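Values in this text are rule-based calculations from the coordinates and carry no lab data. Remember, predicted model here, so these are calculated numbers, not experimental data. When we count neighbours, we look across all protein chains shown, and the Cβ atoms used for this are built from the backbone with ideal geometry, even at glycine.
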Amino acid sequence: IPVDSFDLVIFGGTGDLARRKILPGLFRRFRSGQMPEDARIIGAARAEMDDEGYRQLIADAVEEFGGEEKADAEGLKQFLGRLHYVPIDAKGDGGWPELAALMRDGVIRAFYFSVGPSLFGDLAERLHTHSIADEQSRIVVEKPFGRDLASAQQLNADLAAHFGEHQIYRIDHYLGKETVQNLMAVRFGNVLFEPLWNSHYVDHIQITVAETVGVGGRGSYYDQSGAMRDMVQNHLMQLLCLIAMEPPAQYDADRVRDEKLKVIRALQPLQPHQVVRGQYDAAGGDPSYRDDVENPRSHTESFIALKTHIANWRWAGVPFYLRTGKRLKARTSEIAVVFKDLGHTIFEGDTARHRNILAIRLQPNEGMDLQVTIKEPGPGGMRLVDVPLDMTFADALGPDQEQVPDAYERLIMDVIRGNQTLFMRGDEVEAAWAWTDPIIAGWEARHDVPKTYDPDTQGPEDAMMLMHRDGRRWREIR
Ligand code: BG6
């Protein structure tokens, strides 16, 4: 279904994110027929360039970063025809009158701030003073949304000076992932799970976002940030919120976000012994973290594992274990809800521990599996085995289904539709920083040194211990 017509301005339109994700994603939406005939995309950045130069830049980006859609030469030509470019000075007046003259009336105006947060305030102000944005306009901002509570509050204030909260779309691309939304469908669209979704039946929950890549190429950003700021404060906390929140009265933006906010506010403060930080070592000719960031004394973490509790009725006493890291054994992200053991077994001689586990796989191989216990087939008597009830979405949907849209494509279309459900509200972001700030400040004050770990592993030994101490274990990253 096509969305309403729009003019989408991408500040930072020549940058890495625009070339890698935003424009190839928009091309896919264009091909699927979701972009209306006359919708336009206007790149805006510092470089001097004309429309033709920009079209060439994006054609090259689609060639480099696009998927199978790049074979569609005719479609690409038409898509490129929708692109325009305006050189702009974010901190001065250059280019703004030209941009104002280009914008059409009667269509949705959306502005994507694909730039560092230090420019958010400048852009918001100039959109206002040059009368480019109106009441219907939307702005989209990227992470990192600040680096602590104070800077996030400042950014929120800078944006709020010119835009209402209903116009601000703070992207967390994890919320655009197919399985993440499915999490809500599974919880609130089935009778099976919700009655069990509490401390009576759930032993603990594990959230893992493991990556095989290092931080090479992004060292200067990453070394100032680390896994806590780069991944936990946003992506992992958002997953935690969705898994733990109370059912919203309705699936609409503010009701969902109200419930997520309550989860963050109920998180117990993190104690140092509940957190393990790691940093990857060199191996087999591959550089170490410190080589990658060119900082031989860096104390920034490329891995983090933590244990937390949500202090409310539903989750009293249930630990939530979160971990994420670079250069690990495999690229895999999943949420596992591990249910409690049966209180009593009727199968004599069966001493194994059987547990139901609902594993929600974010990537790769998106889907879910539910570990259930059955009788081992064959004549061997009543011997029990655990098997997965596997639902891989690609199998379930069949080969003819339209390719699952990438997180960015989906989220940009939500902006045009005016749907904020999958975007973070200002108070959520601030509450998340309020939770991570004290622990980060503690490391900085103590000059805490992360444990080193070998690449291509499960992470530092201490992360294993974090669970073993509680008589539990992480699911294997593989
Ligand atoms: C980004 C982080 O937000 O998410 C990166 O800045 C990380 O460090 C990336 O690699 C992971 O995203 P995905 O979609 O590849 O899991």
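Starting from 0.36 nm per residue, how many nanometres of slack lie between residue 355 and residue 118 once their C-alpha separation is accounted for?
Values: separation 237, 0.36 × 237 = 85.32 nm, distance 4.88 nm.
Separation in residues times 0.36 nm, less the Cα-Cα distance, equals 80.4 nm.
Take 230, 390 and order them by how many other Cβ atoms sit within 10 Å, fewest up front. Intermediate values should be presented prior to the final figure.
On the way: 230 23, 390 15.
With the fewest neighbours first, 230, 390 line up as 390, 230.
Describe numerically, in nm with one decimal, the distance between label points set 7 Å from Cα along Cα→Cβ at residue 194 and at residue 250.
Taking the two extended label points, one gets 1.6 nm.
Which residues does the label zone of residue 348 cover in the stretch 355-394, counting backbone N under 18 Å from a point 7 Å along Cα→Cβ?
Within reach of a label on residue 348, which here means backbone N under 18 Å from a point 7 Å along Cα→Cβ, the stretch 355-394 contributes 380-384.
Assuming R0 = 41 Å, can you tell me the calculated FRET efficiency for the pair residue 56 and residue 105, based on Cβ-Cβ distance, to the nearest 0.05?
0.90
Separation of the stretch 56-131 and the stretch 317-332 by C-alpha centroid, Å?
36
Return 103, 424 ranked ascending by Cβ neighbour count within 10 Å, so the fewest neighbours appear first. Each step should come with its number before you reach the end.
Details: 103 18, 424 26.
With the sparsest Cβ surroundings first, the list reads 103, 424.
In a solvent-free Debye calculation with one equal scatterer on each Cα, what is log10 I(q)/I(0) for the chain at q = 0.07, 0.09 Å⁻¹, listed in the order of the q values?
So the normalised log intensities work out to -0.40, -0.67.
Quick check: Cα centre of the stretch 228-254 to Cα centre of the stretch 366-397, how many Å?
With the stretch 228-254 and the stretch 366-397 each reduced to a Cα centre, they are spaced 29 Å.
May I ask you to derive the FRET efficiency for residue 135 and residue 363 from their Cβ-Cβ distance with R0 = 25 Å, giving the value to the nearest 0.05?
Numbers: r = 38 Å, r/R0 = 1.52.
My answer for the efficiency is 0.05.
Please order 5, 288 by the number of other Cβ within 10 Å, starting at the fewest.
Values: 5 16, 288 19.
Ranked by crowding around the Cβ, least crowded first: 5, 288.
So if I take the centroid of the Cα atoms in the stretch 442-478 and the same for the stretch 6-27, what is the distance between those two points in Å?
Here the two parts' Cα centres lie 37 Å apart.
Test of understanding: given the chain, find the longest segment containing no GluC sites (Glu not before Pro) that are in a DSSP loop and have at most 10 other Cβ atoms within 10 Å.
Numbers: sites that count: 37, 48, 135, 348, 402, 476.
Between exposed loop sites, the widest span is 136-347.
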